[in-house]
Amino acid sequence: MSPTTDEIEVRDFVVNQKNGVKGLVDFLTLTTLPSPYIQPPQERFTSDKILLGSSVPVIDVSNWNDPHLAREICHAATKLGLFQIVNHGIAPAELKGVIAAARGFFELPAEERRRYWRGTSVSETAWLTTSFNPYKERVLEWRDFLKFEYLPQRHDFAATWPSVCKEQVIDHFKKIKPITEKILNILINNLNSVIDESNKETLMGTMRMNFNYYPKCPEPSLAVGTGRHSDINTLTLLLQEDGVLSSLYARATEDGDNWINVPPIPGAIVVNIGDVLQILSNDRYRSVEHCVVVNKCCSRVSIPVFCGPAHDSVIEPLPEVLENNEMARYRKIVYSDYLKGFFGRPHDGKKTIESIKFP
């Protein structure tokens, strides 16, 4: 007979014993949601918050030189802060391959997954954890994730990555990077600036990737997969698993509590604007707040690639956007300090970017 949640200390089992929520659902037969995962009523995602009739732009990027394409991307970055791209050049089979690789990792025996647990990982550039910040959060998120750091300048950066997914992860990084650079070029050119050696490290000095894993959840209406937040980097390119509907939601406007579903489209990649681009553009672009809900019937995988500044970069509005005596809306901050603010607390919407905004 399986033990019950009353017979184990859930948070200790999940976090301190390095089992994650995947280990929990494998170990227990859950019919109710364990108490450490029950969100307060105000944080639960309910159907009345979904804005019907609105959709996320889907942009064909088969011709990067098309002026219409540039206008579509800039419009989406300004209005919603999120769009999907198709015909980007990565074959559907390759996208399916990296999703399968992510699932392959989470199907490894618990002892093998545990080798990568954050703080004791066998790799300096890949580590596994659960929720978002399990040592700071009062309520945990229903998610485990394996994070990879892409350091091609180091020949051994991936030497100890899990063999079940190493090749696919490296290939996905290589394929995503030029697409990211093309989108950033369009967005920066629209601000009357260019990407060159003086700002390249600020715009895309780091690249990281998550394998997000959301197990089946016994009471999804009480839980959250990933809480409300905006990404703190420059640009995120997200691959959603095909067929798992009604999972990712983006806040429709800065005001109000209305959300738009971001449906998985076969072969598409979701692009969302991060806080750094909102700051650099002095609010011309919008970093989009988003969240993930979980499912009772199936698990789900998603794979975001985060492109962001080098840690010692100084983030502030670009001089080109302030040329006409426009006031800077954000104070100058070193990116490593911005990271500390974000990772030092639970997911809480856009409070990190609000903390550096001039009154």
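The values are calculated or read from the model by the stated rules, or taken from the named source; none is laboratory data. Quick caveat: nothing in here was measured; it's all calculated off a predicted structure. Glycine gets a Cβ as well: all are built from the backbone with ideal geometry, and neighbour counts include every protein chain shown. For accessibility, only protein heavy atoms count, side chains too; no ligands or nucleic acids. Shrake-Rupley method; radii C 1.70, N 1.55, O 1.52, S 1.80 Å.
Return the residues of the range 39-50 that are over 22 Å from the mean Cα position of the chain (by Cα) and surrounded by 14 or more Cβ atoms within 10 Å (Cβ to Cβ); say none if nothing qualifies.
Keep residues of the range 39-50 that are over 22 Å from the mean Cα position of the chain (by Cα), which gives 40-42, 47-48.
Within the range 39-50, none qualify.
Go through the range 145-183 and give me each residue that's of a type outside the set (Lys, Arg) and closer than 18 Å to Ala268 by Cα. Before you say what the answer is, go through the steps one by one.
First pass over the range 145-183, keeping only residues of a type outside the set (Lys, Arg): 145-146, 148-153, 155-165, 167-173, 176, 178-181, 183.
Result: Gln168, Val169, Asp171, His172, Phe173, Ile176, Pro178, Ile179, Thr180, Glu181, Ile183.
Count, please, the residues in the range 345-359 that happen to be open to solvent by less than 30 Å² (accessible area, probe 1.4 Å) and under 18 Å from Arg331 (Cβ atoms).
Here the count works out to 4.
Name every residue in the range 130-165 that is open to solvent by 10 Å² or more (accessible area, probe 1.4 Å) and of a type in the set (Val, Ile, Thr), in order of residue number.
Of everything in the range 130-165, those that are open to solvent by 10 Å² or more (accessible area, probe 1.4 Å) and of a type in the set (Val, Ile, Thr) turn out to be Val139, Thr160, Val164.
Please go through the range 318-349 and pick out each residue that is out of contact with any Asp or Glu (no Cβ under 8 Å at 6 or more places or on another chain), part of a loop (DSSP other than H, G, I, E, B) and touching a residue at least 12 places away in the same chain (Cβ under 8 Å). Steps first, please.
Applying the first criterion (out of contact with any Asp or Glu (no Cβ under 8 Å at 6 or more places or on another chain)) to the range 318-349 yields 318-327, 337, 339-345, 348.
Retained after the next criterion (residues that are part of a loop (DSSP other than H, G, I, E, B)): 318, 323-327, 344-345, 348.
Those that are out of contact with any Asp or Glu (no Cβ under 8 Å at 6 or more places or on another chain), part of a loop (DSSP other than H, G, I, E, B) and touching a residue at least 12 places away in the same chain (Cβ under 8 Å): Leu318, Glu323, Glu326, Met327, Gly344, Arg345, Asp348.
Evaluate the following for Ser55: is it closer than 20 Å to Ser246 by Cα, at pLDDT below 95 and within 22 Å of the chain's Cα centre (by Cα)? Give the steps one after another, and end with the answer.
Numbers: closer than 20 Å to Ser246 by Cα: yes; at pLDDT below 95: yes; within 22 Å of the chain's Cα centre (by Cα): yes.
Here the answer is yes, as Ser55 does meet what is asked.
Pull up the range 222-235, narrow it to residues that are within 17 Å of Pro40 (Cα to Cα), hydrophobic (A, V, I, L, M, F, W, C) and open to solvent by less than 20 Å² (accessible area, probe 1.4 Å), then point me to the one that is farthest from the chain's Cα centre (by Cα). Can you show your working first?
At the first step, the residues of the range 222-235 found to be within 17 Å of Pro40 (Cα to Cα) are 222-229.
Now drop any that are not hydrophobic (A, V, I, L, M, F, W, C), which leaves 222-224.
Applying the additional criterion that residues be open to solvent by less than 20 Å² (accessible area, probe 1.4 Å) yields 223-224.
Working: Ala223: 18, Val224: 15 Å.
By that ranking, first place goes to Ala223.
Looking only at the range 177-232, filter to residues that are of a type in the set (S, T, N, Q) and part of a loop (DSSP other than H, G, I, E, B); which one of those is modelled with the lowest pLDDT? Before the answer, list the steps.
Keep residues of the range 177-232 that are of a type in the set (S, T, N, Q), which gives 180, 185, 189-190, 192-193, 198-199, 202, 206, 210, 212, 221, 226, 230.
From what's left, part of a loop (DSSP other than H, G, I, E, B): 190, 192-193, 198-199, 230.
Values: Asn190: 97, Asn192: 96, Ser193: 95, Ser198: 87, Asn199: 91, Ser230: 97.
For the range 177-232, the residue satisfying everything is Ser198.
Considering only residues that are surrounded by fewer than 14 Cβ atoms within 10 Å (Cβ to Cβ) and under 23 Å from the mean Cα position of the chain (by Cα), which ones fall in the range 308-344?
Asp312, Val314, Ser336, Asp337, Lys340, Phe343, Gly344
Counting only residues that are open to solvent by less than 80 Å² (accessible area, probe 1.4 Å), assigned to a loop (DSSP other than H, G, I, E, B) and hydrophobic (A, V, I, L, M, F, W, C), how many does the range 51-87 have?
Matching residues across the range 51-87 total 5.
Being of a type in the set (Val, Ile, Thr) and part of a loop (DSSP other than H, G, I, E, B) is the requirement here; does Thr31 meet it? Talk me through it step by step, then tell me what you get.
Working: of a type in the set (Val, Ile, Thr): yes; part of a loop (DSSP other than H, G, I, E, B): yes.
Yes; evaluated as a whole, the condition is true for this residue.
Return yes or no: is Leu238 in a strand (DSSP E or B), touching a Leu at 6+ places or on another chain (Cβ under 9 Å) and surrounded by 22 or more Cβ atoms within 10 Å (Cβ to Cβ)?
On the way: in a strand (DSSP E or B): yes; touching a Leu at 6+ places or on another chain (Cβ under 9 Å): yes; surrounded by 22 or more Cβ atoms within 10 Å (Cβ to Cβ): yes.
Here the answer is yes, as Leu238 does meet what is asked.
Looking at this structure, is Val276 assigned to a strand (DSSP E or B), closer than 30 Å to Pro319 by Cβ and either touching a residue at least 60 places away in the same chain (Cβ under 8 Å) or not small (Gly, Ala, Ser) (or both)?
Working: assigned to a strand (DSSP E or B): no; closer than 30 Å to Pro319 by Cβ: yes; either touching a residue at least 60 places away in the same chain (Cβ under 8 Å) or not small (Gly, Ala, Ser) (or both): yes.
Answer is no for this residue.
Identify all residues within the range 276-304 that are under 27 Å from Glu254 (Cβ atoms), surrounded by fewer than 23 Cβ atoms within 10 Å (Cβ to Cβ) and over 16 Å from the mean Cα position of the chain (by Cα); write none if there are none.
Asn282, Asp283, Arg284
Considering only residues that are under 24 Å from Val61 (Cβ atoms) and assigned to a loop (DSSP other than H, G, I, E, B), look in the range 253-273 and name the one that is most open to solvent (accessible area, probe 1.4 Å).
Pro266
Quick one: in the range 88-118, which of the residues that are within 30 Å of Ile260 (Cα to Cα), touching a residue at least 60 places away in the same chain (Cβ under 8 Å) and outside any helix (DSSP H, G or I) is most open to solvent (accessible area, probe 1.4 Å)?
Checked the range 88-118; the qualifying residue most open to solvent (accessible area, probe 1.4 Å) is Gly89.
State whether the residues of the range 298-310 include one that is of a type in the set (D, E, K, R) and assigned to a loop (DSSP other than H, G, I, E, B).
No, that holds for no residue.
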